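These notes are about the structure you will find just below.
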Amino acid sequence: MAKKEPSKKHSEVLENTVQAFKNAFDNHIHHSLARDEHTVTKHEKFLAVAYAVRDRLIDRWIKTQETYYEKDVKRVYYLSLEFLIGRTLGNSVLNLDVESAVEEAVAELGMTLEELREEEVDAGLGNGGLGRLAACFLDSMATLELPATGMGIRYEYGMFNQKIKDGQQEELPDNWLRLPNPWEIARPANAIKVPFGGYVVTWTDDKGKLRNRWETKDYVLALPYDTPIPGYRNNTVNNLRLWSAQSADEFGLAYFNNGDYLAAVQDMELSETISKVLYPNDSSVNGKILRLRQQYFLCAASLQDIVRRFKKLHDGEWKLFPDKVAIQLNDTHPAISIAELMRILLDDEGLEWDEAWDIVTRTFAYTNHTLMPEALEKWPVSFFEKLLPRHLQIIYEINARFLAKVSLKWPGDTARLSRMSLIQEGGEKMIRMAYLSIVGSYAVNGVAALHSDLLKTSLFKDFYEFWPEKFNNKTNGVTPRRWVRKANPAMSALVSSKIGDNWVKDFSEIKKLEKFAEDAKFRKEFMAVKLENKKRLAAYLKQTQNVDVNVNTLFDIQVKRIHEYKRQLLNILHVIHLYLQIKDGKKVTPRTVMIGGKSAPGYWMAKQIIRLANAVGAIIDSDPDCKGKLQMIFLENYRVSFAEKIIPAADLSEQISTSGTEASGTGNMKFAMNGALTIGTLDGANVEMREEIGADNFFLFGLTVEEVQELLAKGYRPRDFYEKDDDLRRVLDLINSGFFCPDHPETFRPIVEKLLSSDPFLLLADFRSYVECQEKVAKAYADKDKWAKMAILNAARMGKFSSDRTIEQYAKEIWQTKACPISIK
Ligand code: OX2
């Protein structure tokens with residue numbers, strides 16, 4: 001018998017030459033996709049390229065995970081119900097530094113990389129800012145070589161696709177996994193059992209101590225799917241672990257044994273619905289029990305996984321846990337983790353309460369993303385009784401101990417006790433998830449300076465008085481790799497030709513561009529790039545929505561979720577005002593106003609706003625007087641890959657929320673980085689952007705937070721503004737007259753009625769200031785050269801808003817984690 005070859009450890013990494021990529025495409029077309037050159041489809045070519053790139057990621061991924069393990073580093077786990085990744089191919093190719101090799105090799109397939117990129121479907125596992133922030137953070141954590149893992153849910157259906165039919169939003173399911181997802185690797189061997197329901201058993205251990213145990217027969221399996229997350233031009237490849245729900249074997253077995261086959265299969269389906277669909281609500285809660293199941297499913301699977309990894313190196317050394325693990329809660333959605341870790345430490349590991357609580361409160365940190373009351377999660381106690389009885393006990397105990405401490409500090413202050421209780425009494429008893437998050441975490445942060453201050457003075461005032469040291473700010477950021485380098489290749493090339501390309505890694509270097517604002521030739525080049533980007537968007541709009549836009553007009557863009565507080569309606573009121581100006585024969589600066597974004601399916605008013613935008617757009621379109629002067633377009637199905645085309649083409653970015661309502665905003669940052677000027681209020685991160693960019697290069701309008709609060713306190717009467725402002729009155733009267741919907745003239749009356757009666761977001765109070773500010777914008781745009789200067793200064797002064805800066809602060813000030821460089825040799 002032939003002697004067995006000694007097994008070779010697979011440690012060599014694949015080559016990145018053009019030839020190596022060509023061979024890899026060939027190989028994947030044949031062996032992974034079972035196609036030949038005659039039968040391979042465009043999409044399969046994309047898959048072959050993606051597999052070839054993935055192979056290279058995997059080499060580094062394995063090495064990264066090995067190194068973390070060998071060095072026994074402190075790890076960060078970023079827990080989030082949403083990761084809005086978008087497409088991956090372009091980003092991976094960029095970060096791996098194989099752009100030119102892949103580009104050249106792809107030519108062999110008769111395609112360009114750009115064409116192939118269009119084949120990829122977005123991974124739309126998030127609603128908006130919160131989910132996209134998580135995706136930017138993954139990119140930054142890998143780029144900064146931090147030992148970090150993202151954990152979330154692998155929804156079978158992501159954010160719905162928006163169709164505009166007869167001017168109204170329709171939702172279509174996003175069946176993104178119908179086509180194979182080349183980036184993920186299933187790990188069924190690492191599946192985890194997640195219990196639900198059942199009851200709590202109290203028992204006595206051999207030392208005579210009373211202990212608790214959660215018992216149930218109801219389990220769901222959590223299957224991990226891993227996606228590699230490469231850093232920018234280092235060897236780090238971190239992991240994004242998404243859990244998919246599958247029925248646990250034993251679950252259906254009883255039925256199978258009883259011979260009721262169909263009932264068994266039905267029950268299996270029930271458990272699999274947990275990861276079926278993303279709840280499409282941004283900044284508002286959904287009180288459905290399935291959503292609570294999703295949340296616990298993520299928490300239970302993630303915590304078991306985290307604990308298992310810790311025990312591999314440190315079994316029994318529980319005191320070490322906070323030195324090896326930091327868990328960041330992306331809003332309160334994964335807050336049950338706090339109770340889950342307590343349950344594991346108390347019931348499974350046998351720790352005492354004080355020991356366990358000390359570990360928990362040195363492990364978790366919580367990020368708050370909103371002040372909006374409708375987004376503050378509260379779960380009925382009855383849901384917990386049904387689904388998570390042991391966690392309910394634990395939360396009661398946490399609450400009792402916490403309130404005892406509060407009452408020591410403020411004896412007899414019962415009002416404060418009931419305000420601060422984790423349990424809201426009066427009416428149906430509810431668990432306040434934000435309070436659980438604060439009590440169970442060692443750090444609590446807001447996402448922009450203003451927002452973090454408002455947390456301390458309003459929403460969490462009592463908690464701030466009790467634990468001032470827990471509260472801190474981490475101003476959001478976005479990754480310059482995706483949002484400048486990838487989305488805007490032409491501007492990136494121009495910038496790099498002047499200041500080198502290290503800004504992609506160290507975005508503070510973008511400041512070097514400032515001096516070129518004074519260079520007339522550069523200004524021309526910069527605006528030529530903008531024009532190219534506008535043409536690229538125009539071509540895409542023609543192809544997808546069959547609309548013609550004039551690229552020589554001011555591109556005035558507002559893209560984000562549709563929400564009353566974001567005030568798309570104020571934007572529309574201004575457009576109607578411009579329309580009336582044109583009808584009066586006044587001269588206007590030619591503009592193309594674009595509004596895009598999804599409404600939550602059940603949010604009636606947001607849907608009316610979409611409808612109004614489309615109706616006004618259609619009237620303007622049909623009016624020859626407006627030709628070449630004014631156009632309004634609703635951008636259908638706004639999503640990450642669309643944003644990458646829209647944002648580089650903008651001249652003006654609309655960031656017009658009522659002061660005090662938008663926690664940060666991140667779209668605002670993406671626009672400014674790409675050389676758009678902002679018209680905005682002093683809200684969220686706009687405040688800090690304006691500080692950096694300079695007041696002269698920012699179009700500010702509207703009431704400040706203090707003025708808003710004052711106006712509301714003295715009794716806001718929107719009708720007063722209507723009565724004293726002729727332009728405003730004309731606009732509202734025109735809507736009310738049915739002009740924009742002649743067949744059903746009553747359609748938009750509820751919008752006007754709400755504005756005149758309550759107007760909770762103060763559109764009427766800010767209208768005059770907004771219109772005047774827009775006049776300044778129009779004037780400024782007429783002076784092309786001056787505008788170019790301002791645009792360059794905007795791009796050049798956005799260094800602070802890289803998510804690398806944000807993540808550096810999280811790592812240093814919250815997580816206490818350090819970079820762990822990876823060597824592939
Ligand atoms: C969003 C906030 O509305 C937005 O202001 C912020 O920029 C983003 O989170 C990232 O921090 N759901 N989405 C948000 O908050 C919640 C809750």
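The values are calculated or read from the model by the stated rules, or taken from the named source; none is laboratory data. In this text the structure is predicted, and so the values were computed from the model without any measurement. Note: ideal-geometry Cβ built from the backbone for every residue, glycine included; neighbour counts use all protein chains shown.
List of remarks:
- Candidates Ser100, Ser80, Ser92, filtered to the one that is crowded, with 23+ Cβ neighbours inside 10 Å and of a type in the set (Ser, Thr, Tyr): Ser80
- Test: residue in the stretch 54-65 that is within 16 Å of the ligand (Cβ to nearest atom) and closer than 15 Å to Trp183 by Cβ: no
- Identification of helices (runs of 4 or more DSSP H) wholly contained in the stretch 409-500 with 1 or more residues that are within 30 Å of Asn234 (Cβ to Cβ) and in contact (Cβ under 8 Å) with a residue 12 or more places away in the chain yields 489-499.
- Where strands (runs of 3 or more DSSP E) fall wholly inside the stretch 175-221, the ranges with 3 or more residues that are over 35 Å from the mean Cα position of the chain (by Cα) and modelled with pLDDT of 95 or more are 199-204, 210-215.
- Among the conditions (1) within 16 Å of the ligand (Cβ to nearest atom); (2) of a type in the set (Gly, Ala, Ser); (3) modelled with pLDDT under 95, the only one that Ser437 does not satisfy is (3).
- Filter result for Gly427 (exposed (fewer than 14 other Cβ atoms within 10 Å of the Cβ) and more than 30 Å from Asn674 (Cα to Cα)): yes
- Flag if Ser622 is of a type in the set (S, T, N, Q) and surrounded by fewer than 24 Cβ atoms within 10 Å (Cβ to Cβ): yes
- Figure legend. Inter-residue proximity from the stretch 369-382: first residues within 14 Å of His451 (Cβ to Cβ) and of a type in the set (Gly, Ala, Ser), second residues within 7 Å of the ligand (Cβ to nearest atom) and at pLDDT below 95, beta-carbon distance below 9 Å, spacing 6+ or different chains. Indicated pairs: Ala375/Asp282; Ala375/Ser283.
- Among the residues of this structure, Pro760 counts as one that is under 31 Å from the mean Cα position of the chain (by Cα) and surrounded by fewer than 17 Cβ atoms within 10 Å (Cβ to Cβ).
- Of the set (1) of a type in the set (Phe, Trp, Tyr); (2) more than 16 Å from the ligand (Cβ to nearest atom); (3) touching a helix residue (DSSP H, G or I) at 6+ places or on another chain (Cβ under 7 Å), all apply to Trp176 but (3).
- One residue stands out among those in the stretch 554-591 that are aromatic (Phe, Trp, Tyr) and either under 18 Å from Ala618 (Cβ atoms) or within 16 Å of the ligand (Cβ to nearest atom) (or both): the one that is surrounded by the fewest Cβ atoms within 10 Å (Cβ to Cβ), which is Tyr565.
Residues are listed down the side, and each one gets a yes or a no for (1) within 16 Å of the ligand (Cβ to nearest atom); (2) within 24 Å of the chain's Cα centre (by Cα); (3) of a type outside the set (Ser, Thr, Tyr):
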position	(1), (2), (3)
Glu385	no, no, yes
Met420	no, no, yes
Gly427	no, no, yes
Val447	yes, yes, yes
Lys474	yes, yes, yes
Lys486	no, yes, yes
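- Cβ-Cβ under 6 Å pairs, at least 6 apart or on other chains, the stretch 668-683 side in contact (Cβ under 8 Å) with a residue 12 or more places away in the chain, far side of a type in the set (S, T, N, Q) and assigned to a loop (DSSP other than H, G, I, E, B): Asn674/Asn488; Thr681/Ser659; Leu682/Ser659; Leu682/Thr704; Asp683/Ser657; Asp683/Ser659
- Failed condition for Leu125, given (1) in contact with a Ser or Thr (Cβ under 7 Å, 6 or more places away or on another chain); (2) buried (at least 24 other Cβ atoms within 10 Å of the Cβ): (1)
- Test: residue in the stretch 604-615 that is within 16 Å of the ligand (Cβ to nearest atom), within 30 Å of Asp727 (Cα to Cα) and not acidic (Asp, Glu): yes
- Ala780 being under 30 Å from Trp503 (Cα atoms) and modelled with pLDDT of 95 or more: yes
- Figure legend. Inter-residue proximity from the stretch 198-221: first residues touching a residue at least 24 places away in the same chain (Cβ under 8 Å), second residues surrounded by fewer than 10 Cβ atoms within 10 Å (Cβ to Cβ) and of a type outside the set (D, E, K, R), beta-carbon distance below 8 Å, spacing 6+ or different chains. Indicated pairs: Arg211/Thr202; Arg211/Trp203; Arg211/Thr204; Asn212/Thr202; Asn212/Trp203; Arg213/Thr202; Arg213/Trp203.
- Selection within the stretch 628-670 - within 20 Å of Leu125 (Cβ to Cβ) and not acidic (Asp, Glu): Asn637, Tyr638, Arg639, Val640, Ser641, Phe642, Ala643, Thr666, Gly667, Lys670
- The number of residues in the stretch 758-788 that are over 13 Å from Arg567 (Cβ atoms), part of a helix (DSSP H, G or I) and among the acidic types (Asp, Glu) comes to 3.
- Considering residues of the stretch 507-541 that are surrounded by 18 or more Cβ atoms within 10 Å (Cβ to Cβ) and among the aromatic types (Phe, Trp, Tyr) only, the residue nearest to Thr592 (Cα to Cα): Phe526
- The number of residues in the stretch 59-77 being aliphatic (A, V, I, L, M) and surrounded by fewer than 18 Cβ atoms within 10 Å (Cβ to Cβ) comes to 2.
- Qualifying residue in the stretch 122-140 (condition: hydrophobic (A, V, I, L, M, F, W, C), more than 14 Å from the ligand (Cβ to nearest atom) and farther than 19 Å from Leu81 by Cβ): no
- Subset of the stretch 108-121 [part of a loop (DSSP other than H, G, I, E, B) and either within 16 Å of the ligand (Cβ to nearest atom) or modelled with pLDDT of 95 or more (or both)]: Thr112, Glu120, Val121
- Whichever residue in the stretch 249-288 is touching an Asp or Glu at 6+ places or on another chain (Cβ under 7 Å) and modelled with pLDDT under 80 and, among such residues, is farthest from the ligand (Cβ to nearest atom): Tyr255
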